[in-house]
């Protein structure tokens, strides 16, 4: 049965709209769940690592995802080369790959002993031959218009080093509520004719492209020392501190983990209710031991194979609060930080609380509540604190005059202590 026919049977009364590809992290098919892209075999907890690999060496990226269906389909992967601003570049496939730009996902497994039937797909991806930004696109049956997901990743070289007068890159607690990065880039050994024109920097907080600071230029250029300085004098490197993430432990369905109130197992579905949440910005900052900076880990406590034996559950969220002027969303890596209809909370007047639900695989999850409002800040329910333990990624782009694209010549994953 083709995917198109399946879609007609499932959504018989709806017309099938053409998917518009976005060069970002996005799932286009509601049956695709738990998409993860990370360095293969790098270290423990690889699921938490950024989708970034060095150009040199044998390290590759692995892509994994589930489809909530009981039969397997044929999927292909294709790369789109992008510039520093995530616009499609003019390079041909042969300029960044030494193989044909289409890779079939031929590794899959069926779920075992689960209420929700699904197929788990996995592919170890070939590495491009040129550093820079890429978007992988997954589509069905060789039809590039039948897109199910897209994911950003980067390939980098370490041709520059990051230092400051203290010998490390640092975070300044610019105020009680913000964090600001300070660093120097040493480009000695690279023939860069015009650093201000040819070099740009992007900074991510907690692997989030949606709030990235892009196209940053140095505060000072010391050409004699081959150094670019990024200092505290501007707000370009400043981020709201946010707060430590909320979390829940869904590694077991039968034994309730932290912040899980209860669960109910039916014949073909599992329901889970989390403990009620409240507005955190009203309280003093406090650390969280199991903060994953917004990420999640697929795991279980029973010792089963989490890839195919972890089940899915409909997880119910409750945020106790007076109704506010604006929309409230559940966000995190669990839904690519999207603020969309599928993860928007609905206010329940009788309970005086916001309610919402997501279909999630067993694991340990971080999440937050964000607001879209003309009268309330984005982090209204979470608050901002300069002491928050965020993770930062610094990416250095370089555009040679003889190449119409941006290379990545430096990458730093900065975890403050």
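The values are calculated or read from the model by the stated rules, or taken from the named source; none is laboratory data. The structure displayed is predicted, hence computed values, not measured ones. Positions of Cβ are backbone-derived with ideal geometry, glycine not excepted, and every protein chain shown enters the neighbour counts.
Data overview
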read-out: Test for residue 153: is it surrounded by 18 or more Cβ atoms within 10 Å (Cβ to Cβ) and touching a residue at least 12 places away in the same chain (Cβ under 8 Å); value: yes
read-out: Boolean, residue 285 is over 23 Å from residue 66 (Cβ atoms), at pLDDT 95 or above, not in a helix (DSSP H, G or I) and not assigned by TED's automatic domain parsing to the domain that holds residue 26; value: no
read-out: Residues located in the stretch 328-356, provided they are touching a helix residue (DSSP H, G or I) at 6+ places or on another chain (Cβ under 6 Å) and within 17 Å of residue 275 (Cβ to Cβ); value: 330
read-out: Exclusive hit being at pLDDT 90 or above, part of a loop (DSSP other than H, G, I, E, B) and either out of contact with any strand residue (DSSP E or B) (no Cβ under 6 Å at 6 or more places or on another chain) or crowded, with 17+ Cβ neighbours inside 10 Å (or both), set 256, 233, 248; value: 256
read-out: Test: residue in the stretch 367-382 that is in a strand (DSSP E or B), free of Cβ contacts under 8 Å to residues at least 60 places away in the same chain and crowded, with 19+ Cβ neighbours inside 10 Å; value: yes
read-out: Tally, over the stretch 187-214, of residues that are closer than 26 Å to residue 24 by Cα, part of a loop (DSSP other than H, G, I, E, B) and free of Cβ contacts under 8 Å to residues at least 24 places away in the same chain; value: 0
read-out: The stretch 139-158 - residue that is closer than 30 Å to residue 389 by Cβ and not in a strand (DSSP E or B) and, of those, modelled with the lowest pLDDT; value: 158
read-out: Residue match in the stretch 57-69 (condition: free of Cβ contacts under 8 Å to residues at least 12 places away in the same chain and either exposed (fewer than 14 other Cβ atoms within 10 Å of the Cβ) or in a loop (DSSP other than H, G, I, E, B) (or both)); value: yes
read-out: Those residues of the stretch 213-229 which are closer than 17 Å to residue 412 by Cα and buried (at least 16 other Cβ atoms within 10 Å of the Cβ), in sequence order; value: 213, 214, 216, 218, 227, 228, 229
read-out: Check on residue 162, at pLDDT below 95 and either out of contact with any strand residue (DSSP E or B) (no Cβ under 6 Å at 6 or more places or on another chain) or in a loop (DSSP other than H, G, I, E, B) (or both); value: no
read-out: Test set (1) over 26 Å from residue 35 (Cα atoms); (2) crowded, with 16+ Cβ neighbours inside 10 Å; (3) free of Cβ contacts under 8 Å to residues at least 40 places away in the same chain - residue 322 fails condition number; value: (2)
read-out: Residue in the stretch 118-138 that is surrounded by fewer than 20 Cβ atoms within 10 Å (Cβ to Cβ), modelled with pLDDT under 95 and either touching a strand residue (DSSP E or B) at 6+ places or on another chain (Cβ under 6 Å) or within 30 Å of residue 314 (Cβ to Cβ) (or both) present; value: no
read-out: Residues that are in a loop (DSSP other than H, G, I, E, B) and either surrounded by fewer than 17 Cβ atoms within 10 Å (Cβ to Cβ) or in contact with a helix residue (DSSP H, G or I) (Cβ under 7 Å, 6 or more places away or on another chain) (or both), drawn from the stretch 390-417; value: 399, 400, 401, 402, 403, 404, 415, 416, 417
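Matching residues to (1) surrounded by fewer than 20 Cβ atoms within 10 Å (Cβ to Cβ); (2) assigned by TED's automatic domain parsing to the domain that holds residue 67; (3) free of Cβ contacts under 8 Å to residues at least 60 places away in the same chain:
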site	(1), (2), (3)
296	no, no, no
301	yes, no, yes
326	yes, no, yes
335	yes, no, yes
344	yes, no, yes
354	no, no, yes
